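A.B. asks: Here's a structure for you.
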Amino acid sequence: MRAGFSDRLDATHSEQSQIISAAKAESKLMKPNEEPKGPGRPPFPEGQAAHSQIQLRVQKARKGAYVHAANKKGQTLAAWCFEHLDKASGYKPDA
């Protein structure tokens, strides 16, 4: 066990909450005094929500190449896929 871990087992609920909060702040998951956010992404504005999904099974090397290409352009993998699939299909998203 890590040094000090056994002390944490004997802590009261309040002390445990403080330990957990401090650990989150230390791990940079949360900034000090930052309120936790709710789960998931915020909802889309009315009428803009996506209703369908596309799933692709690919080998790690292929996904890695896609992720690398997206990162080079400063995009997420999803944004990169949308750009290339829209261009290839001629789909024009609403402006």
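A.B. asks: Please determine, by comparing only the residues of region 21-40 that are of a type in the set (D, E, K, R) and modelled with pLDDT under 75, which one is nearest to ALA79 (Cα to Cα).
C.D. replies: The first filter runs over region 21-40 and keeps only residues of a type in the set (D, E, K, R), leaving 24, 26, 28, 31, 34-35, 37.
Adding the requirement that they be modelled with pLDDT under 75 leaves 24, 26, 28, 31, 34, 37.
Working: LYS24: 30, GLU26: 31, LYS28: 26, LYS31: 28, GLU34: 29, LYS37: 23 Å.
Top of the filtered list is LYS37.
A.B. asks: Tally the residues that are more than 30 Å from SER17 (Cβ to Cβ) and surrounded by 10 or more Cβ atoms within 10 Å (Cβ to Cβ), restricting the search to region 33-67.
C.D. replies: 7
A.B. asks: Among the residues of region 56-95, how many are part of a loop (DSSP other than H, G, I, E, B) and within 18 Å of the chain's Cα centre (by Cα)?
C.D. replies: 3
The values are calculated or read from the model by the stated rules, or taken from the named source; none is laboratory data. This structure is a prediction, so every number in the text was calculated from the model and none was measured. Using ideal geometry, Cβ is built from the backbone for each residue, glycine included, and neighbour counts are taken over all protein chains shown.
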